[in-house]
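The values are calculated or read from the model by the stated rules, or taken from the named source; none is laboratory data. Here the structure is a predicted model, which means the values were calculated and not measured. When we count neighbours, we look across all protein chains shown, and the Cβ atoms used for this are built from the backbone with ideal geometry, even at glycine.
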Number of protein chains: 2
Amino acid sequence: MSTLTPVKTKQPLIVRTISELRSELSIRRQEKPGLETGFVPTMGYLHDGHGSLIQRSAAENGLTVLSIFVNPLQFGPNEDLDRYPRDEERDLKLARQEGADIVFIPSVQEMYPKRALTRVLVSEVTESLCGASRPGHFDGVGTVVSKLFHLVEPTRAYFGLKDAQQVAVVQQMVDDLNFNVQIVPCPTLREADGLALSSRNVYLSPEQRSEALVLYRTLQQAAQWAADSEMTAGGLEAKVREAISRSPLASIDYAELRRYPSLEAVDPQLRLEEALKQSPLLLAFAVRFGGTRLIDNAIFPIKGA
Amino acid sequence: MSTLTPVKTKQPLIVRTISELRSELSIRRQEKPGLETGFVPTMGYLHDGHGSLIQRSAAENGLTVLSIFVNPLQFGPNEDLDRYPRDEERDLKLARQEGADIVFIPSVQEMYPKRALTRVLVSEVTESLCGASRPGHFDGVGTVVSKLFHLVEPTRAYFGLKDAQQVAVVQQMVDDLNFNVQIVPCPTLREADGLALSSRNVYLSPEQRSEALVLYRTLQQAAQWAADSEMTAGGLEAKVREAISRSPLASIDYAELRRYPSLEAVDPQLRLEEALKQSPLLLAFAVRFGGTRLIDNAIFPIKGA
């Protein structure tokens, strides 16, 4: 990561209201006509995965805007909205280190001042995987990302591929609605032992944390199984489910192979070799360890592996 | 109208593709930093009502973009999509006269190149009046207006108040999704005898055309009835329905009094004087004359009447 851009140590500007944000962006764009804006939307409690997005944005754009907003609209009634982890001070330190210029931290009241009647809904690509297990989740994502795009008016927006379905949904929405922004999908960052970085990792007990390594191990094994020219889509899914199920603390929410980015189902009888001739494939899973739901995925063919 | 701005006679630039439009807008904005863009979205077959929007946009902005697109998404299966009137040559003449700089005329294929999975849905304000009698209509409006706003990125967008509900829906969507655009509602234009200008007037037979004057006459009478301090919301609605029904060719689709712009129902027992203390009121109707459905409305208190 440090090869991309020198670490900036300038304190980013913190703005908490829409009017401040708009006025600040307007001033900077007037000062530098043609200024390109990179945007990293987050829910805060930042880790190095977010850091890599900020750093890439800072390398590719004259101005980088980071948003921190835990969006109630994308949480279900029994999800972790109330206990979602927050640490603004630490977030701002990372934002500064990685080169954010403006950090937008609106309140819920600022983003939803009155009862909002408008939703941006994407069908099909939202109906499987996390969309199936978290009803309404992507309606909230599409709506808030639309709002943030209208507020920031970015040239490029950076999203982590750990949420591969989110990347597909946002790209579909951008294409369908002609948003004037380039979506930049960025690779998942992992701990040294392979656990994908996630703000929700903080919920894990030491035992759960150790068990959760089954996710990465399974992705690695899946890459080997996929290299078998006789392996079918259904065969791979079955092996993956079996591998995860062997962990006594893991409870599978879903573990599926789908076409990417359409997220269409793959005929289970189809050999992977054949399936891959038509589109890349996403192997994605959501697995609970106690009360904590973790997601991870790999896209085949795996690039740069 | 002619007091607003001198008539321009420069031929507007006609663009038919998204890439041409984006590139042209980008060039003009680079040439003139801070250039303000007025936008008039239409379905073509322009009349002087559209002309007044273009003229106002030309007076208030350095650049005026007119779009002409008969959006299939906002027509129901049994509506007049296929026979919606078109006359590009005449439209371009009016566009030039009133001062449009760019006319964007995309094909359906250009606007919907693949199966679009994204919809921008506004609830509540879309559920009565035209939203009730044309299911899905405002879903199509919200979606295409979002697309056009993303393509044109206007400073101001001009909408006629003949479609008062459309103005309310678009304003609600702009507020909820933080679109960076000012919606400018513009007054309904009428023929000398009071018939509201509409592209659909061309469908009317001479007899229907003459009968359709009942709409304007009823609006005028309604203004007098509303001046009666004892008149209730329900009483006004009843008198309006009765007045329209007296025309043998008129078939009422709806004729209702609602709060504006929320379009909430008004307690029929409430005296208008009391109702008006809480919000303006919209008296709106849709009435069929043969196969042609006309709409008209008035907002109380009537401004500048």
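Within region A:148-189, how many residues turn out to be of a type in the set (D, E, K, R), crowded, with 19+ Cβ neighbours inside 10 Å and touching a Phe, Trp or Tyr at 6+ places or on another chain (Cβ under 8 Å)?
Qualifying residue count, region A:148-189: 0.
Just to verify a result, which residue in region B:123-135, among those that are assigned to a loop (DSSP other than H, G, I, E, B) and more than 7 Å from chain A (Cβ to nearest Cβ), is surrounded by the most Cβ atoms within 10 Å (Cβ to Cβ)? Outline the logic, then answer.
The first filter runs over region B:123-135 and keeps only residues assigned to a loop (DSSP other than H, G, I, E, B), leaving B:123-128, B:134-135.
Checking the rest, the ones that are also more than 7 Å from chain A (Cβ to nearest Cβ) come to B:126-128, B:134-135.
Details: B:Thr126: 28, B:Glu127: 13, B:Ser128: 18, B:Arg134: 19, B:Pro135: 12.
Only one residue fits best here, namely B:Thr126.
Consider B:Glu242 carefully, then state whether it is touching a Ser or Thr at 6+ places or on another chain (Cβ under 6 Å) and more than 27 Å from B:Val169 (Cα to Cα).
Against the criterion (touching a Ser or Thr at 6+ places or on another chain (Cβ under 6 Å) and more than 27 Å from B:Val169 (Cα to Cα)), B:Glu242 does not qualify.
Test of understanding: among A:Gly62, A:Gly34, which residue is farther than 23 Å from A:Gly142 by Cβ and within 14 Å of chain B (Cβ to nearest Cβ)?
Unique residue meeting the criteria: A:Gly34.
Please find, among A:Glu124, A:Glu191, A:Glu110, A:Glu153, the residue that is in contact with a Leu (Cβ under 6 Å, 6 or more places away or on another chain) and either at pLDDT below 95 or not aliphatic (A, V, I, L, M) (or both).
On the way: A:Glu191 fails: in contact with a Leu (Cβ under 6 Å, 6 or more places away or on another chain); A:Glu110 fails: in contact with a Leu (Cβ under 6 Å, 6 or more places away or on another chain); A:Glu153 fails: in contact with a Leu (Cβ under 6 Å, 6 or more places away or on another chain).
Answer to the selection: A:Glu124.
Answer yes if at least one residue in region A:276-285 is surrounded by 14 or more Cβ atoms within 10 Å (Cβ to Cβ) and either at pLDDT below 95 or over 22 Å from A:Val169 (Cβ atoms) (or both), and no otherwise.
yes
Suppose the filter is in contact (Cβ under 8 Å) with a residue 12 or more places away in the chain and closer than 29 Å to A:Arg293 by Cα; does A:Ala100 pass it?
Against the criterion (in contact (Cβ under 8 Å) with a residue 12 or more places away in the chain and closer than 29 Å to A:Arg293 by Cα), A:Ala100 does not qualify.
Would you call B:Ala192 assigned by TED's automatic domain parsing to the domain that holds B:Thr42 and surrounded by fewer than 19 Cβ atoms within 10 Å (Cβ to Cβ)? Outline the logic, then answer.
Numbers: assigned by TED's automatic domain parsing to the domain that holds B:Thr42: no; surrounded by fewer than 19 Cβ atoms within 10 Å (Cβ to Cβ): yes.
Against the criterion (assigned by TED's automatic domain parsing to the domain that holds B:Thr42 and surrounded by fewer than 19 Cβ atoms within 10 Å (Cβ to Cβ)), B:Ala192 does not qualify.
In region B:6-48, how many residues are in a helix (DSSP H, G or I) and loosely packed, with under 13 Cβ neighbours inside 10 Å? Give the steps one after another, and end with the answer.
Within region B:6-48, the first condition is being in a helix (DSSP H, G or I), and the residues that meet it are B:18-31, B:48.
Now drop any that are not loosely packed, with under 13 Cβ neighbours inside 10 Å, which leaves B:19, B:23, B:27, B:30-31.
Of the residues in region B:6-48, 5 are in a helix (DSSP H, G or I) and loosely packed, with under 13 Cβ neighbours inside 10 Å.
Determine whether B:Ile302 is modelled with pLDDT of 95 or more and β-branched (Val, Ile, Thr).
Values: modelled with pLDDT of 95 or more: no; β-branched (Val, Ile, Thr): yes.
In short, no.
What are the residues in region A:76-122 that are touching a Gly at 6+ places or on another chain (Cβ under 7 Å), outside any helix (DSSP H, G or I) and more than 14 Å from chain B (Cβ to nearest Cβ), if any?
Of everything in region A:76-122, those that are touching a Gly at 6+ places or on another chain (Cβ under 7 Å), outside any helix (DSSP H, G or I) and more than 14 Å from chain B (Cβ to nearest Cβ) turn out to be A:Gly76, A:Arg86.
Yes or no: A:Ala212 surrounded by 24 or more Cβ atoms within 10 Å (Cβ to Cβ) and over 25 Å from B:Val145 (Cβ atoms)?
Yes; evaluated as a whole, the condition is true for this residue.
What is the number of the single condition among (1) closer than 25 Å to A:Thr126 by Cβ; (2) surrounded by fewer than 19 Cβ atoms within 10 Å (Cβ to Cβ) that A:Pro261 does not meet?
So the condition that A:Pro261 fails would be (2).
Show the residue pairs that are 6+ apart or on different chains and have beta-carbon atoms under 7 Å apart, the first residue being within region B:58-81 and free of Cβ contacts under 8 Å to residues at least 40 places away in the same chain and closer than 19 Å to B:Tyr112 by Cα, the second being part of a loop (DSSP other than H, G, I, E, B) and among the small types (Gly, Ala, Ser).
Pairs that qualify, where the first residue is free of Cβ contacts under 8 Å to residues at least 40 places away in the same chain and closer than 19 Å to B:Tyr112 by Cα and the partner is part of a loop (DSSP other than H, G, I, E, B) and among the small types (Gly, Ala, Ser), are B:Ile68/B:Gly44; B:Val70/B:Gly44.
Going by the structure shown, is B:Val145 more than 12 Å from chain A (Cβ to nearest Cβ) and closer than 30 Å to B:Arg28 by Cα? Before you say what the answer is, go through the steps one by one.
Numbers: more than 12 Å from chain A (Cβ to nearest Cβ): no; closer than 30 Å to B:Arg28 by Cα: yes.
No.
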